[in-house]
Structure formats: C-alpha cells, structure tokens
Amino acid sequence: MDKILVLGGTGNIGFPLIQYLDSKDVEVTAGVHNMEKAKGEFQAFKHVNVCHFDFLDPTTFDAAFDGVTKVFFVRPPQLAKPKEDMLPFLRFAKEQQIDQIVFVSLIGVEKNPVTPHHKIEEMILDLEIPYTFIRPSFFMQNLNTTHREDIQKNHDLFIPAGNSRTSFIDTRDIGEVAGIVLLDSKYLYQKLNITGPQALSYNEIAQIMTQVLGTKITYSKPSLLKFRKTMINRGIKKDYVNVMVMLYLITQLGNAKDVTDTAEKVLGHAPRNIQTYIQDYQDDFI
C-alpha cells in the first residue's frame, strides 16, 4: 500500500490532491510549514498525518519521508534558485528509493531553460528518479491570490500579459490529475501538458468577471517594467517578482495559448471553465 508525501498540502493544488487521496483511502503525510494551521485544516480527513517540512532545512526530511513510497511537490514560488533550494531535497528523495516523484512544472517548459521549473525537471532526470511531470498552463487561482489586491481595491487586472491568450486551468483540476497519476503506474515517465478548456485574453477575462460579479473589472495591461517595479515596491521578494516577469514575458510571446485535451483524458471529464472558477471564488474578488 502506498504512503504518499504531499508537500505544500494546504496550497491550491496540495489541498484538493489530499482531498482526492483521502477519498481513496490512501495514507498521506502532509508536509507543511505551518503545523497549527494544517492540523486545523486536516482534522476532518481520515488518512492524513501532518509533518513539519522545509525545503531549506534538511533536518525536516527524515520524518517527512518515514515510510513514504511516493512524493508530490510544487516549487514554492519564493524559491527561485533550484540548485540551492531544491537539489538537496531531490538527492535525499533519490536516496530513499521512492517509486515516483510527481512535480508540478509548467507548460512549454522544454522551450524555456531559464525557468526554475526546467532546471528542476533536469535535476530529476539526472538523478534518475521515477517521475511524472504535470505541466499545467497558468492557474486560474493566480487571480484570487497573486492578483487579488488589484482586483479587490482597483477592480483591475494589473497583469503584464499584453494581448496574449492563456489556456488557464483550475488548480482543483490539477490536484485531481495529480491524485490519479500517483495511483496509476501507467503515468510513470510521462510529461503531461494540461490546460483548461479554452484560451482567453485578459480583456476577455475582465469581461467575464464583470458579467459574473456584477462589477466592472478592467484590464490595464501594464508593461513588464511597470509591473516589476510595482510588485517590488509592495515588498514582494525580487527573485519571486523576476520569475513572474519571466513567465509573463513567455506569455506575451504566445507560449501559453495552446489548449490540450490531456486533462480531460486523465480526469475522465471536462476540466472547469473560467466562469465556474469566478463564481466559486467570487467572495475573494468583491
């Protein structure tokens, strides 16, 4: 019987993944930073143990990996230097001879060697750890997390994506995809490019948000430079801002517009659309 370590278990992907695994009676260790918060969130789950974990603190690795056969992780956005931030963890995972590591990467990552996601994929390949790479397009939930302040305060999408289109995917669907690939060996050594059902421009998203929320939402289309300066002035770490700018540059170049049917094939049903996401999270925006 598998025991799965889920790192970032309280996150937008980790939490729905744990919900899915718990519903399948799979034993889970949730590796988290904030133990008190996590214990409260996971009280209702039958098969979840909570463990302190920190990518930057190798003393937390042993307990987290106790009895674990498979590992799921997302790169914490503030960790932008993979050789320093991730390699010790990946080497430790290799030593444990785990059966599978599932990493949430980025669609189009094979064409973007400067991204942290690309470097992490290469490390996993070099270490010869059995893997599945989930490569999603941009998260719908970026809107109610990273960009929430501008939507709430200014009713504006302050996002430097130009006129490009993006095939957004709901993180709840990514979590379910992750659960399925962790429980089915046919997905070993696969690189899954997953997207939502359509590619949209931010102008179109602003129009849909306006319709669903009943409040006028605009898209101010800032330059990359203005966006970077504003985020840094807000106190966001420079490394994190630089990665965001890099990803939005990639978006402007048209690398986020492809739509695939991979998520639907894995899930066995259509992934959520942007209207459903906005309705479900409307309290975060208004």
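The values are calculated or read from the model by the stated rules, or taken from the named source; none is laboratory data. Not measured: the values here are computed from a predicted model. Don't worry about glycine lacking a Cβ; one is built from the backbone with ideal geometry, like all the others, and counts go over all protein chains shown. Ligands, DNA and RNA are stripped out before the accessible areas are found, and what is left, the full protein with its side chains, is counted by its heavy atoms. Shrake-Rupley method; radii C 1.70, N 1.55, O 1.52, S 1.80 Å.
Which condition does Gly235 not pass, out of (1) within 16 Å of the chain's Cα centre (by Cα); (2) not in a helix (DSSP H, G or I), if it passes all the others?
(1)
Return the pair list, or none, for Cβ contacts closer than 9 Å from residues in region 82-101 that are under 23 Å from Asp184 (Cβ atoms) to residues that are surrounded by 18 or more Cβ atoms within 10 Å (Cβ to Cβ) and of a type in the set (Asp, Glu), at least 6 apart or on different chains.
none
Against the condition farther than 30 Å from Tyr20 by Cβ, at pLDDT below 95 and not hydrophobic (A, V, I, L, M, F, W, C), how does Lys229 come out, does it pass?
Working: farther than 30 Å from Tyr20 by Cβ: yes; at pLDDT below 95: no; not hydrophobic (A, V, I, L, M, F, W, C): yes.
Taking the combined requirement at face value, the residue does not satisfy it.
What is the one condition in (1) modelled with pLDDT of 95 or more; (2) buried (at least 20 other Cβ atoms within 10 Å of the Cβ); (3) over 20 Å from Leu182 (Cβ atoms) that Val102 does not satisfy?
(3)
Looking at region 169-184, which of its residues are surrounded by fewer than 17 Cβ atoms within 10 Å (Cβ to Cβ) and either touching a Gly at 6+ places or on another chain (Cβ under 7 Å) or without any contact (Cβ under 8 Å) to a residue 40 or more places away in the chain (or both)?
Asp184
Give me the residue from region 105-130 that is at pLDDT 95 or above and of a type in the set (Asp, Glu) and, out of that set, most open to solvent (accessible area, probe 1.4 Å).
Glu128
Quick one: in region 76-97, of everything that is open to solvent by less than 40 Å² (accessible area, probe 1.4 Å) and touching a Pro at 6+ places or on another chain (Cβ under 6 Å), which residue is farthest from Leu182 (Cα to Cα)?
Ala80
Could you grab the pairs with beta carbons closer than 7 Å, sequence gap of 6+ or different chains, first residue in region 109-135 and touching a residue at least 24 places away in the same chain (Cβ under 8 Å) and within 16 Å of Phe89 (Cα to Cα), second one open to solvent by 20 Å² or more (accessible area, probe 1.4 Å) and among the small types (Gly, Ala, Ser)?
Going by the 7 Å Cβ cut-off, the qualifying pairs are Pro116/Ala80.
Given (1) touching a strand residue (DSSP E or B) at 6+ places or on another chain (Cβ under 7 Å); (2) over 19 Å from Gly175 (Cβ atoms); (3) among the aliphatic types (A, V, I, L, M); (4) open to solvent by 30 Å² or more (accessible area, probe 1.4 Å), where does Leu56 come up short, assuming only one miss?
(1)
Only residues that are over 16 Å from Pro136 (Cβ atoms), assigned to a helix (DSSP H, G or I) and open to solvent by 70 Å² or more (accessible area, probe 1.4 Å): list them for region 240-286, please.
Residues satisfying the conditions are Leu249, Gln252, Gln279, Asp280, Gln282, Asp283.
Within region 32-74, count every residue that is in contact (Cβ under 8 Å) with a residue 40 or more places away in the chain and of a type outside the set (A, V, I, L, M, F, W, C).
Number satisfying all stated conditions: 3.
With the requirement that a residue be closer than 22 Å to Thr69 by Cα, under 14 Å from the mean Cα position of the chain (by Cα) and not small (Gly, Ala, Ser), what does region 80-119 give you?
Within region 80-119, the first condition is being closer than 22 Å to Thr69 by Cα, and the residues that meet it are 86-105.
Of the ones still in play, those that are also under 14 Å from the mean Cα position of the chain (by Cα) are 102-105.
Selection gives Val102, Phe103, Val104.
Filter region 17-37 for residues that are modelled with pLDDT of 95 or more and assigned to a loop (DSSP other than H, G, I, E, B); which is most open to solvent (accessible area, probe 1.4 Å)?
Lys24
Failed condition for Ala63, given (1) open to solvent by less than 80 Å² (accessible area, probe 1.4 Å); (2) in a helix (DSSP H, G or I); (3) in contact with an Asp or Glu (Cβ under 8 Å, 6 or more places away or on another chain); (4) not polar (S, T, N, Q), with all others met?
(3)
On the basis of being farther than 22 Å from Arg135 by Cβ and part of a loop (DSSP other than H, G, I, E, B), does Pro197 make the cut?
Criteria not met by Pro197.
Report yes if some residue within region 38-45 is part of a loop (DSSP other than H, G, I, E, B) and over 23 Å from Val181 (Cβ atoms); otherwise report no.
Yes, the conditions are met somewhere in region 38-45.
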